[in-house]
1. If you check Asp213, Asp196, which single one turns out to be out of contact with any helix residue (DSSP H, G or I) (no Cβ under 6 Å at 6 or more places or on another chain) and within 14 Å of ligand 2 (Cβ to nearest atom)?
2. What are the residue pairs meeting all of these: first residue in the range 262-275, first residue on the phi > 0 side of the Ramachandran plot, second residue open to solvent by less than 30 Å² (accessible area, probe 1.4 Å) and not in a loop (DSSP other than H, G, I, E, B), Cβ atoms under 8 Å, and 6 or more apart or on different chains?
3. When the residues of the range 70-84 are filtered to those that are surrounded by fewer than 21 Cβ atoms within 10 Å (Cβ to Cβ) and among the aliphatic types (A, V, I, L, M), which remaining residue is nearest to Arg246 (Cα to Cα)?
4. Output the residues belonging to the range 184-205 that are in contact with a Lys or Arg (Cβ under 6 Å, 6 or more places away or on another chain) and closer than 14 Å to Ile240 by Cα.
5. What number goes with the only condition from (1) open to solvent by less than 20 Å² (accessible area, probe 1.4 Å); (2) closer than 28 Å to Ile23 by Cα; (3) in a helix (DSSP H, G or I) that Ala181 does not pass?
6. Does any residue of the range 229-245 turn out to be of a type in the set (D, E, K, R) and not in a helix (DSSP H, G or I)?
7. Among residues belonging to the range 132-146 that are touching a residue at least 12 places away in the same chain (Cβ under 8 Å) and not charged (D, E, K, R), point out the one that is nearest to ligand 1 (Cβ to nearest atom).
8. Restricting the range 162-172 to residues that are out of contact with any His (no Cβ under 6 Å at 6 or more places or on another chain) and surrounded by fewer than 21 Cβ atoms within 10 Å (Cβ to Cβ), which is farthest from Pro115 (Cα to Cα)?
Amino acid sequence: MEMTDFGGAIKPVEEHPDYKIAIIGIPFDEKSSYLKGAAKGPQAIREASTVKSGNAWTELVVNLEEDTVIVDLGDIDVRGKTIEIFSRIEKRIGEIVEKGAVPIVLGGDHSISYPVVRAFAKKFNSLDILHFDAHPDLYEELYGDPFSHACPFARILEKGLAQNLVQVGIRAATGSQRANASKHRVRMIEMKDIKDTLSLEFSNPLYISFDLDSLDPAFAPGVSHHEPGGLSTRQVLAIIQGLKARIVGLDVVELNPSRDLSGITAAAAVKVVKEVAGKIVKGDKEEI
Ligand code: MN
Ligand code: MN
């Protein structure tokens, strides 16, 4: 498997067992309701991260090669039944979180966020979640499946795994999903209401779940569900850079490389990973 590079920032885990940030892939798309393809997401993001046009510096002036230790732990084994795969995901992510490191998870379809968040909820008594998506992913079930990629946040909320859930970029909410959002006091920031740069603050440790279809298909065509009228890449970066929060984890999901003909969606994923990683490193320094 080709490992991530991010401008030379990735270090071998054998030499750095005390890493701060860990990239880990979950090549799973069995819970996609429309098109398959997201299982190839982790590999496509890794490949996009190795292009020699990039470097290790972030816009917030963090050098990811010098200022932190990032490793790539490869992919989680996704063979077997869903329940087995989900507990494997929870266990593996839990091991990283227990070390005090920050996992950056490459999906995969959005169903994987549920077992990933379960691992975080074990470590953090109170967890806030910032969820970028065109869709609320709050269906009780879809086509009879409660673990569909359209349902992870319904599962997370009913299990009480998140103190606060803020959704950004929403533009395809149904009546039932809106009802579920009100029931659980979700703050749904809909696309139609976003006029200026959002300034978001979280008091609990923050997990960010980034569905690439939150971006407008003009910026990110390589997703299974095209929903026009979304965020620009710049809007997303501005929200991330302006966050007031302690970020403890990130997932970037729903890249479908078969629809990403120019590779620009994978490049956007790399950019989001880099800027969130930079924000994490900066936050660490500011605490000291
Ligand atoms: Mn989603
Ligand atoms: Mn979506």
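The values are calculated or read from the model by the stated rules, or taken from the named source; none is laboratory data. Computed from a predicted structure; not experimentally measured. Methodologically, a virtual Cβ is constructed for each residue, glycine included, from the backbone with ideal geometry; neighbour enumeration extends over all protein chains shown. Only protein heavy atoms, including side chains, enter the accessible area calculation; ligands, DNA and RNA are left aside. Shrake-Rupley method; radii C 1.70, N 1.55, O 1.52, S 1.80 Å.
1. Values: Asp196 fails: within 14 Å of ligand 2 (Cβ to nearest atom).
One residue alone meets the criteria, Asp213.
2. Final answer for the pair search is Gly263/Ala44; Gly263/Ala48.
3. Pass one, the range 70-84, residues surrounded by fewer than 21 Cβ atoms within 10 Å (Cβ to Cβ): 73-75, 77-84.
Add one more test, that the residue is among the aliphatic types (A, V, I, L, M), and what stays is 73, 78, 83.
On the way: Leu73: 23, Val78: 30, Ile83: 31 Å.
The extreme case among them is Leu73.
4. Let us first name the residues in the range 184-205 that are in contact with a Lys or Arg (Cβ under 6 Å, 6 or more places away or on another chain), namely 191, 201, 205.
The one that is in contact with a Lys or Arg (Cβ under 6 Å, 6 or more places away or on another chain) and closer than 14 Å to Ile240 by Cα: Glu201.
5. Unmet condition: (2).
6. Applying the first criterion (of a type in the set (D, E, K, R)) to the range 229-245 yields 234, 244.
Remaining after also requiring not in a helix (DSSP H, G or I): 244.
So far as the range 229-245 goes, yes, one or more of its residues are of a type in the set (D, E, K, R) and not in a helix (DSSP H, G or I).
7. Looking at residues that are touching a residue at least 12 places away in the same chain (Cβ under 8 Å) and not charged (D, E, K, R), I get His135.
8. We begin by selecting, within the range 162-172, every residue out of contact with any His (no Cβ under 6 Å at 6 or more places or on another chain); these are 162-166, 168-171.
Filter once more, so that each one left must be surrounded by fewer than 21 Cβ atoms within 10 Å (Cβ to Cβ): 163-164, 166, 171.
Numbers: Gln163: 17, Asn164: 18, Val166: 19, Arg171: 25 Å.
Among residues in the range 162-172 that are out of contact with any His (no Cβ under 6 Å at 6 or more places or on another chain) and surrounded by fewer than 21 Cβ atoms within 10 Å (Cβ to Cβ), the one farthest from Pro115 (Cα to Cα) is Arg171.
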